[in-house]
1. With Cβ to Cβ distances under 14 Å as the rule, what net charge do the other residues near S233 carry (K, R +1; D, E -1)?
2. Distance from the Cα centre of the stretch 319-365 to that of the stretch 174-202, in angstrom?
3. Over the stretch 141-374, with the other protein chains present, what is the accessible area per residue in square angstrom, probe 1.4 angstrom?
4. Name the shape class, rounded, prolate or oblate, that the alpha-carbon gyration tensor gives for the stretch 141-374, where a ≥ b ≥ c are the square roots of its eigenvalues, rounded holds for a/c under 1.5, and otherwise prolate holds if a/b is larger than b/c and oblate otherwise.
5. Once the piece of chain linking R160 and K308 is laid out straight, how much longer is it, given 0.36 nm per residue of separation minus the C-alpha distance between them?
6. Quick one: Karplus J couplings for the stretch 266-273, per residue in order, coefficients 6.51, -1.76, 1.60, θ = phi - 60°, nearest Hz, x for Gly and Pro?
7. So, taking all protein chains as they sit and a 1.4 Å probe, how much accessible area belongs to I272, in Å² rounded to tens?
8. Once R0 is set to 41 Å, what does the formula 1/(1 + (r/R0)^6) return for the Cβ-Cβ distance between L264 and A298, expressed as a FRET efficiency to the nearest 0.05?
Amino acid sequence: GQVHVSSTRCKEPTKSTPSKRLRQGLLQVRDDLHNQQRDTGKMTKALLGPTVSTVYNFRCLGRSLLGTYQLANHSIRETGFTKYCLIMLWLVATSAYWVGAIIGSKVVVKLRTGSNLCFEDHADSVTSIQDREGRKRLFQAAVVIPALVSNMAGQAQLRRTVESVLVQCTHEQLDVVVDDGSPIAINMNLDLSNFAVIRKSRNAGPAAARNTGAQYALERGAKTICFLDSDASADKEWFKEHLKMQAAKPGIYGGLTTSSSATLVSRLHECIGTLRGPLLPDGSLLYAPTCNLSVSSACWVSFDETFKSAAFEDVEFCIRMRKQGWKTWLIATAVVYHEYETSLLGLWKQFYRYGKAEPKMIQKHREYLDWLASASTDYERTKM
């Protein structure tokens, strides 16, 4: 037989030229970016679901475009240069919201088994209220004001807020300020029998501060708890209007919040209804901001403290209560004057914070976006 011998020719080593090394480096960068985008998509789908993530991105874009159209054609009554300035501010706000939403959707939050709430109390110092016999005093209602003061301007602003409430409070109504770990000491210099300051050892967010203040008020018999922010002032009839509605029908009520100044940024907030809870077709509010909110003790539950910043903790509270049968209703006569941050950077930070918190909100309540799509902030079309 014949024997076939095959011989293999050894390949000569390929010379690595600078152009080939550059090409290989670019290909590696492309592969890394592709893998990173794929991982980001997986994280977004893990947070919002396999189909919600794409829908969510389109809804964000749709809301931005629709908001721009409505702002330019219906919401803004100004003309000329002022109108274009407001539109540019809106574009800054909506871009910040979108950036925040994209970043927020990358964070996968693992919910607790059987509960999506977190409540922790880190209050370590309380100005207690007692009567002459040494027992705790009881109150009919309370106003809770969370505060994070970092400078003297904030201290003065808080004083204006407290004074606007104290002039309305009777001896049987309590005013509680919760110092949420302020870097400077809050000193109101008020020696009143119906005023208390709760000091927390560290900053835990406005939701936790409100929970602490509400728990303090409930332990002292309060049947109604009103919430007000430290950068807002109450109208002279604000507390009375909330108490009147709570006496007639206990539940959850939101008042009418308006700007305390006429700056361009403040006028933008007025046009888009930043702190106005959207109206649903049944006449109730989808939510009410906690700068102007009252809750009856009959339906009180804690705010979700996983919302660490001032964004969506009030929305989540109202949506959760709505799903339990408690709707939020509007009191147009309970007016609060809010002091908005007027700088461009402040506007960006505010809407970035809102956008970053929204994916967590959708994770907890998938129906939120559908309800929001059917709501409106045009209060004038609804009879109060």
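The values are calculated or read from the model by the stated rules, or taken from the named source; none is laboratory data. Predicted model, so just to flag it, every value in this text is computed and none were measured. A quick note on method: Cβ atoms are made from the backbone with ideal geometry, for glycine too, and the neighbour counts reach across all protein chains shown. Just so you know, the surface numbers come from the protein's heavy atoms only, side chains and all, with ligands and any DNA or RNA stripped out. Shrake-Rupley method; radii C 1.70, N 1.55, O 1.52, S 1.80 Å.
1. On the way: positive: R159, R160, K236; negative: E163, D175, D229, D231, D235, E237, E339.
For residues surrounding S233, the net value is -4.
2. 25 Å
3. Values: 8520 Å² over 234 residues.
With all protein chains present, the stretch 141-374 gives 36 Å² per residue.
4. Details: a/c = 1.39, a/b = 1.14, b/c = 1.22.
Rounded is the answer for the stretch 141-374, as its axis ratio a/c remains below 1.5.
5. Details: separation 148, 0.36 × 148 = 53.28 nm, distance 2.54 nm.
50.7 nm is the gain from fully extending R160 to K308.
6. 5, 5, 5, 4, 5, 5, 8, x
7. Ignoring ligands and nucleic acids, I272 comes out at about 40 Å².
8. Values: r = 43 Å, r/R0 = 1.04.
The computed FRET efficiency comes out at 0.45.
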